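Reviewing the structure listed below.
The values are calculated or read from the model by the stated rules, or taken from the named source; none is laboratory data. Remember, it's a predicted structure, so these values are computed and weren't measured experimentally. FYI the Cβ positions are ideal-geometry reconstructions off the backbone, even for glycines, and counts take in every protein chain you see.
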Amino acid sequence: MTFANPMAADPSKYDRLIAAAQAEQAPVTLVVHPCDEPSLRGAVEAGRAKLIEPILVGPQAKIRTVAATFGIDLAGCGMVDAPHSHAAAETAVAMIRAGRGALLMKGSLHTDELMHAVADKATGLQTERRISHVYVMDVPGHAETLFITDAAINIFPDLTAKRDIVQNAIDLFVAIGLGTPRVAILSAVETVTPKIPSTIEAAALCKMAERGQITGGVLDGPLAFDNAIDPEAARIKGISPEVAGRAQILVVPDLEAGNMLAKNLIFLTHADAAGLVLGARVPIVLTSRADSVRVRLASCAIAALYTAARRRTVTRADMKDAAESPAQSRIISARPG
């Protein structure tokens, strides 16, 4: 499924993503420790909107108390008891490893606590890909949906980590139906200089894309923020407009830069910022306590679309294997459903 990015005249760039996700099978989502009103209401509303199938993992008595206090109807939500936030994170991760869920969603526990369980080398959900965070932002007055990465997980990523950060963002952009992304590798300036190491890494990432080490997107960098998103700024600097002035994914040098950029947009332009963690075995919906229900719905929609795209990829791979192996074909045909 592919559709064009909505223009600024649209009420919200999230509307089409939510509608597209509602057309997919709602993934079973383990909501970790939803013990305050925003996290519990967000999960319940996402379930009611048919974006996810929520299973609430945490202290049942506390969850029910929050629901009763704020008038939240838990009908349709599964529940798994865990005595506290640490146990809830471990239980949810174990359930994912056992195939009992397709998504994780952060509740009211701290991000570090959830990610500690996810990143555990023995019992977590790590893959060969570096785990990273992507903001999917609806910025008022800006025509494009902006992806910003990584502003939440990797503090000072090296070149190898940045390759995975870029690839994670590209994979998400493509999977949710937005086409081939234009990717700007940001720095303070648009020229390569040894005095600013991020400019050298930006140039290296672009060369890696040329050599097939990063796939699925069109990269340019280093680019300063202005000539990454503003066509006139790019024109004045004489930079090719293939990406410059039209970037859709903004890759920041480090977490500090990304966090400040994202929060500037959120608090000064009143941008909405849906969030997702990628690179683990399953996507992780990572929301802030300040997020509105609408932003939480958008985060769930993006995660659901990404999960559906991955499911189709696995199905196609199974079908290809079946075509190549008669024995495998018999096994697949015998699967229930």
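Residue pairs whose Cβ atoms lie under 6 Å apart, sitting 6 or more positions apart in sequence or on different chains, and linking a residue in segment 289-302 that is under 11 Å from ALA43 (Cα atoms) to a partner that is buried (at least 23 other Cβ atoms within 10 Å of the Cβ) and not hydrophobic (A, V, I, L, M, F, W, C), are VAL293/GLY42; ARG296/GLY42; ARG296/THR287; SER299/GLY275; SER299/THR287. Annotation note: of GLY212, GLY216, GLY177, GLY141, the sole residue that is more than 27 Å from MET115 (Cα to Cα) and under 16 Å from the mean Cα position of the chain (by Cα) is GLY177. Among the conditions (1) among the hydrophobic types (A, V, I, L, M, F, W, C); (2) assigned to a loop (DSSP other than H, G, I, E, B); (3) within 25 Å of ALA271 (Cα to Cα), ILE214 misses just one, which is (3). Determine whether VAL31 is in a strand (DSSP E or B) and either of a type outside the set (S, T, N, Q) or within 25 Å of the chain's Cα centre (by Cα) (or both). The answer is yes for VAL31.
Do the conditions hold for VAL243, that is, is it touching a residue at least 40 places away in the same chain (Cβ under 8 Å), of a type in the set (A, V, I, L, M, F, W, C) and either assigned by TED's automatic domain parsing to the domain that holds LEU265 or assigned to a helix (DSSP H, G or I) (or both)? Yes.
Only one entry of VAL183, VAL174 meets the criterion of being in a helix (DSSP H, G or I) and touching a Gly at 6+ places or on another chain (Cβ under 7 Å), and that entry is VAL174.
In summary, THR65 fulfils each of the numbered conditions (1) within 17 Å of PRO38 (Cα to Cα); (2) touching a residue at least 40 places away in the same chain (Cβ under 8 Å) with the single exception of condition (2). Does segment 264-275 contain at least one residue that is at negative phi, over 18 Å from the mean Cα position of the chain (by Cα) and of a type in the set (D, E, K, R)? No: zero hits. Return the residues of segment 133-145 that are at pLDDT 95 or above and either within 28 Å of HIS84 (Cβ to Cβ) or in a loop (DSSP other than H, G, I, E, B) (or both); say none if nothing qualifies. Answer for segment 133-145, where residues must be at pLDDT 95 or above and either within 28 Å of HIS84 (Cβ to Cβ) or in a loop (DSSP other than H, G, I, E, B) (or both): just HIS133.
Residues that are buried (at least 20 other Cβ atoms within 10 Å of the Cβ) and either touching a Lys or Arg at 6+ places or on another chain (Cβ under 8 Å) or part of a loop (DSSP other than H, G, I, E, B) (or both) within segment 109-123 comprise LEU109, LEU114, listed in sequence order. From the list LEU297, LEU268, LEU223, pick out the single residue that is more than 15 Å from ASP150 (Cβ to Cβ) and surrounded by fewer than 21 Cβ atoms within 10 Å (Cβ to Cβ). Among LEU297, LEU268, LEU223, only LEU268 is more than 15 Å from ASP150 (Cβ to Cβ) and surrounded by fewer than 21 Cβ atoms within 10 Å (Cβ to Cβ).
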